Every structure is written in C-alpha cells, then in structure tokens.
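Let me begin by presenting the structure, written as structure tokens, before commenting on it.
The values are calculated or read from the model by the stated rules, or taken from the named source; none is laboratory data. Remember, predicted model here, so these are calculated numbers, not experimental data. Neighbour counts run over all protein chains shown; Cβ positions are idealised from the backbone, glycine included. When the accessible area is computed, the model is the full protein with side chains, heavy atoms only, and any ligands, DNA or RNA have been set aside. Shrake-Rupley method; radii C 1.70, N 1.55, O 1.52, S 1.80 Å.
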Amino acid sequence: MSPRLAKALVNGLLLGGAAVALFPLLWMLSVSFMAPGTASALPPPLLPGQATLENYRTLFVRVGMGRYLANSLLVSSAITLLALACNMMAGYAFAKLRFGGRERLFQALVGALVIPAQVAMLPLFLLLKYIGLVNSFAGVIVPAMATIFGVYLVRQYARGIPDELLEAARIDGAGEWRIFAGIVLPLLKPIMVTLAIFTFLAAWNDFMWPLIVLTGQEHYTLPIGLASLAREHAQDTELMMAGSVVTVLPVLGLFLAMQRYYLQGLLLGSVKG
Amino acid sequence: MNTQRVAWLFLAPALLVLGLFFLLPVAAAFVLSLTDYDLYALADLRHLRFVALGNYWELLHRPLFWSALGHTFYFVIVGVPLSLAASLGAALLLNSPLARMQAFFRTALFAPVVTTVVAVAVIWRYLFNTKYGLVNYALQALGLHPVDWLGDPHWAMPTIILFAVWKNFGYNMIILLAGLQAIPPDLYEAARIDGASLARQFWHITLPMLRPTLTMVGILTVAGYFQLFAEPYVITEGGPLQSTVSALFLMYEEGFKWWNLGAASAVAFLLFVVMFAVTGVLLRLARRGGEA
C-alpha cells in the first residue's frame, strides 16, 4: 500500500469513527431547536427549519426541569465534597500512617471492589427506610460519601509523598491534622482534581440508585426526571432532545474543560494490582 | 497523640460509610434472600418468614429468570467482543504515526463515555424509531429493508448492544492506547528491518505485548456488562415481549415494583455468583494462555 493511500485510510477511518461518535449528540442538539412536531417527518430533517427555544421554555416553565437541574447540582456537589473529604483522609492514612493490620485491611477493601453495588441495594433501601432517608437527598448522598475506588486512587498517589517530609514536620512539632492540611493536601492537589471530576460525573450520571431511593418527583435528579418524562412524552421528540441536552451538556462541558485530569485518573485507576 | 489513633481517626469516616452503607447491606442481602420479605413484611415485620433456599428454588423454576439470565449472557457474549474490537481498532488508529489531529479524534471518540446513559438512550430511541428514525431512513436510502429495531423481539437486544458499544468503547480505547504507547518502538523497528508485514507485526508484537492490558480490560468489561440495567429500562422498558429483560431489570421489577425484596435479593445474589464464576474462569483461561 502506498504511504499516501495508507494515510488517507487511517485518517478516513478516524473521521468516520468520530462522525459516528458525535452524530447522535449533534443530532440531539439540532432537534432540540426544532419546532414541536417537526422532527417526525419524512425525510427526517437534520437541521431545524426555523430554530426555536420553545422546547427549552416548555421544559423549564411547564415540565419543571429547572427543579431537576437544581437537584442534580445539589446532590452531585454534595457527594463530590463529602466523598473527597472521606476518600482523601482514608487514602492518605492507608499510604502514610502506620497502624496494625493496615495492609490486610486495604487488601480486604480492594477485594470488595468485585462486589457489584447492586447486591447491596435492596438491604440498603430497607436500612434507609428505617432511618427515614428514603425519598430525601440524603438517601442519595450518604451512601456515596466514600468509595473504595476513591480510597484506592488516593492511596496510590499518596505513596509518592516522601516520608522524610512528614517526619521533619512531626519533629518540628506540627500536629497530624496540620500536616495533613498544610503539607499533604497541597501535594495531593492533582489527584484531588481528578477524583473530584470523577465523583461529580459519576454522581451526575448515576441512575439506578437514585431511581430506587427518590420516590417523589420533587426530589428527582435529571436522569430520573428525564426517564420519567420519556415515558409520559414519548411522542415529543423535540422536547425530549432538549431535556437530553440539559442533562448531558454540563458533564460534557466539565469533561472538555478538565479532560487532562479525567483521562489521567482513568489510567491511574485502571492499573490495578 | 500516637499514630495508631491518628490513623484510625483519618480512616473512620470512610470506613464508617463503606461499612454501614455497603458491606453491611451486602452481608444482609444474603440473609434477606433467605426470607419472604414482601409488601406485608414492609408494613409489619411480624409477617416476615424464614424460607431458607425457597426463593432460589422458585427462581430456578421460573422461565422469566432463565430468559433474563439468557438475555444478559447474550448482551455480554456479543457486546463485549464488539466493544473490545471497537476500542482496539480506535486505539490502533489513534496510535498510528499517520494519524492527524490525534487530540481532537481522541476527544471526539471518548465523548460518548462521559454522557448520561439515560439522556443518550433517549436519543437512541428516536434514531432507531421504525417510522421516522434516521437509521431506517439511511437503510432505505441504501436500498435495504427497514428494520423494526425496537418493536421486533429479535432486534431489540442487538439495538441495545449497538448502543452499549457506541457509549462505552472510548473508555477501553484510552487504556489500550496507553498500552500501545508503552510498547518499545525498537521492536517494530527490528521487525521492519526483517521485512515483517503490518499484519505480522500486529500479530507477533502488538497483540502479545498488549495481552495483559487486553485481559484486564476484557474482564472488567465482562463484569460491567453483566450489570445491564439502565439501557433496557429507558430504551425498551424490558420489551418487546420481555426480550430485553436483563437479570438486574428483573431484580429491579421484582424488588421495587412488586416489593418482593426477598426474591429480588436472590436474583441479585445469583447474578453475582454467575458473574464471579464467569470472570474467574476467564481470568484462569487468560493466565493459562499467557504461560503457554
């Protein structure tokens, strides 16, 4: 094969792949601006005849999407902050603080990674029902406040902190809390950003657990609201696409802005053992 | 303050959350699966009875359980190889020295991964709509017959598989790309000098060097695909004719629609055991293959 042909083939295939990956998203964006009822036509239109914001208006004024958006922001931010605090502290302890049974406890936690979260969901629902957290934001937030994956990620990264640095601070009489906040956290900043993005995206996109625990519409997050909307408004293509845009755009934007950190974390997290 | 106590203080929040809201429920799930916990027990715990393996026994005699397990296996067996092939293909293209604008293509191919399943599943419903969907329109433009993607029990699962491949291939692509970049270039250099074709280089250098990464990625994908739920929930609602009811979908309906929490726990546990067995066998096969 001639080099020029090979080059055309490689880049042509990449272009085709990118088109397949992006087309559904671009189509979603385009249809969300179409006038109600105009997307279901033959041939299916690719661009709105006359762009309109009507679907978005309906979504926020009549359907209450604003509420879901606010709920999603609240729940995802709370989870991110709290999980970050718990995971950073635990990850640091596993990496740098000596205590009896440290390795065995860590191994046990990593071993528990293979247990799918769904196994816990039914008893967890009952537990939360008895302590009164079903159909509250806390029902979504509290179980997500720490993750094994997060602890693992922080521990791997924190192992790179030199012990001498911590020892020197201890000799200078700094308390453990001061050492953590003043020395360790600044050094862990990159992994903190990575973990924050991961946690936020996962919380935002989470579906099954919020679906189970948020039983009332006033607490719905975007994915739950959208799924319930999709059952009521199955025929309203344009409205549903506007709803999808509102759901997807924040996370897609966050990813594009912080891509480097996200992909780094993905690779760090995948190199197990 | 001694370090032991400090360490446990630092660990306490995370361990408390994980223990109380994950490990304890996992252990309780097994106990729950041995009871007939249902709507009556939910109202008044005195109605709760211990049924030993009764739930499991009943499940094994329910055709819907077997078909749900079958659909899940179908999704895993067809979906995982397709996903891996797409990931590997994309990673190879991105890693090619001939590729232009790698950063852009990488971002574009990865974009579906960060999107919300529910939102993009809704898109899928319209793209694969029998009458107005663009996919059928394109098929007809090519002179092919339109397909009743979501209305025909034979096509609903393939449609969901296509969705899953589109949504997920970018994730493994990034990991495989890192694996490819870690292969020393002098290996290819030497092969080129020996006159080895691209296909032979792929077969004798790329694949063996990539093997550990591929194994890990493959097993994680298998485990992930066994947990099929949101896609059929949003795209097909389990239909048509229950042809897309997955094991987790069955667990959800059994538990949170009919409130048979005991039986639902048994479904969850059986799925977990099956998943564990399958990934275990795969891991062993991969190890044995690696030694040979």
key: Surface/4 estimate of mean projected area, convex hull on alpha-carbon atoms of segment A:64-270, nm²   = 13.7 nm²
request  = Answer with one residue from A:SER244, A:LEU267, A:ALA158: the one whose Cα lies farthest towards the positive end of the charge dipole of segment A:64-270, charges on Cβ with Lys, Arg +1 and Asp, Glu -1.
outcome  = A:ALA158
inquiry  = Working only with C-alpha atoms, what are the Rg and Dmax values of the protein assembly as shown, expressed in angstrom?
reply    = 25.0, 80
inquiry  = With a 1.4 Å probe and all protein chains kept in place, how much accessible area does B:HIS61 have, in Å² rounded to the nearest 10?
reply    = 120 Å²
Sites matching trypsin sites (Lys or Arg not before Pro) across segment A:208-273 that sit in DSSP coil, with at most 12 neighbouring C-beta atoms within 10 Å = A:LYS272
query = Considering only B:LEU59, B:PHE276, A:ALA85, whose Cα is most displaced toward the positive end of the charge dipole of the protein assembly as shown, charges sitting on Cβ of Lys, Arg (+1) and Asp, Glu (-1)?
reply = A:ALA85
note = Sorting A:ILE171, B:ILE235 on solvent-accessible surface, 1.4 Å probe, most exposed first, gives A:ILE171, B:ILE235
ask   = Straight-line reach from A:LYS129: which aspartates and glutamates have a Cα under 16 Å away, not including same-chain ones fewer than 8 places off?
value = B:ASP38, B:ASP44
ask   = Taking all protein chains as present, what is the carbon and sulfur share of the accessible area of segment B:1-99, in % to the nearest whole number, probe 1.4 Å?
value = 74 percent
note = With label points set 7 Å from each Cα along the Cα-to-Cβ direction at A:SER77 and B:ARG288, the distance between them in nm comes to 5.5 nm
ask   = Quick one: buried accessible area between B and A, total over both chains, 1.4 angstrom probe, nearest 100 Å²?
value = 7900 Å²
note = With -39,500 (n - 2.57) per DSSP H segment of 4 or more residues and division by the full residue count of the protein assembly as shown, the 222 nm estimate, nearest 500 deg cm²/dmol, is -22000 deg cm²/dmol
ask   = Taking A:LYS96 as the anchor, which lysines have their alpha carbon closer than 24 Å to its alpha carbon, excluding any fewer than eight residues away along the same chain?
value = A:LYS189, A:LYS272
task = At a Cα cut-off below 28 Å, give the lysines reachable from B:LYS131, other chains included and same-chain residues fewer than 8 away excluded.
result = B:LYS167
query = Given the options B:ALA43, B:ALA247, B:ALA90, which has the most mean-square fluctuation in a GNM of chain B, springs set between C-alpha atoms less than 10 angstrom apart?
reply = B:ALA43
ask   = Largest first, how would B:THR159, A:THR52 line up by accessible area (1.4 Å probe)?
value = A:THR52, B:THR159
ask   = Counting only the heavy atoms of the protein chains, how much of B:PHE276 is accessible to a 1.4 Å probe, in Å² to the nearest 10?
value = 110 Å²
message = Please check: in the Gaussian network model of chain A (C-alpha springs, under 10 Å), which one of A:LEU127, A:LEU69, A:LEU229 has the largest mean-square fluctuation.
response = A:LEU127
task = Between A:GLU232 and B:GLN102, take the C-beta separation as r, use R0 = 45 Å, and let me know the FRET efficiency to the nearest 0.05.
result = 0.55
